[in-house]
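J.: This is the structure I want to talk about, given as structure tokens.
Taken together, the values in this text are just the output of simple stated rules run on the coordinates, not laboratory data. These numbers were taken from a predicted model, which means no experiment stands behind them. Counting neighbours? That spans all protein chains shown, and the Cβs are built from the backbone with ideal geometry, glycine included.
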Amino acid sequence: MPFVLDNSVVSGWLLNNQATAYTAAIAKRLHHDRAVAPALLQLEYANVLRTACTRGRMNAQQAQEAIEQLVALPVEIDREPPEAGQVLALALRHDLTSYDAAYLDLALRRQWPLATQDEALAQAARIAGVGVVSA
């Protein structure tokens, strides 16, 4: 089943200290399932890599290589920008950041479950009726 991919999962692919059995299971799902993410995902994982570089966990070359690997993954980037009013409404209704609400908005528009390690976002997805991808 297709799903919406959240940065909390991608971060587990990039950083050993955020890797879990769940992030590994979602990586395997990409072999046979379709994933989509808002364009925001690219900014979020670039920031994760920047932070890893500034903390000495990787160097700039390794970060650039990670971006190349991520871009090559079969993840569709949804180019339809979410409506700010809808994102705000979801953020307020579910007590989410606007960034997390953008993932929920995409899941609702597609009627696909979310792959996330963020508990607040997972709970919002369940309440909103799209659910969460199981490992």
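J.: 5 Å is the cut-off here: which amide hydrogens, built 1.01 Å from N in the peptide plane, fall below it relative to residue 78, excluding neighbours closer than 5 in sequence?
T.: Close amide H contacts, sequence-distant or interchain: 37, 39.
J.: Looking only at 29, 50, 79, which one moves most when the chain is put into a Gaussian network model with springs between Cα atoms under 10 Å?
T.: The residue with the greatest mean-square fluctuation here is 79.
J.: A follow-up question, please. If you take the beta carbon distance between residue 64 and residue 28 as r and set R0 to 25 Å, what does 1/(1 + (r/R0)^6) give as a FRET efficiency, to the nearest 0.05?
T.: Working: r = 25 Å, r/R0 = 1.01.
After rounding, the FRET efficiency stands at 0.50.
J.: What ³J(HN,Hα) values, in whole Hz, does the Karplus curve 6.51 cos²θ - 1.76 cosθ + 1.60 give for region 18-23 when θ = phi - 60°, with x put for Gly and Pro?
T.: 10, 6, 9, 4, 5, 5
J.: Please list, in chain and number order, the residues 5+ apart from residue 132 or on another chain whose amide H is under 5 Å from its amide H, with Hs placed from the backbone.
T.: So residue 132 has HN proximity to 114.
J.: Moving on to the next point. Using the Cβ atoms and a cut-off under 11 Å, what net charge is assigned to the surroundings of residue 15, where Lys and Arg are +1 and Asp and Glu are -1?
T.: Working: positive: 55, 57; negative: none.
Net of charged neighbours comes to +2.
J.: Give the distance, in whole Å, between the Cα centre of region 70-135 and the Cα centre of region 4-24.
T.: 16
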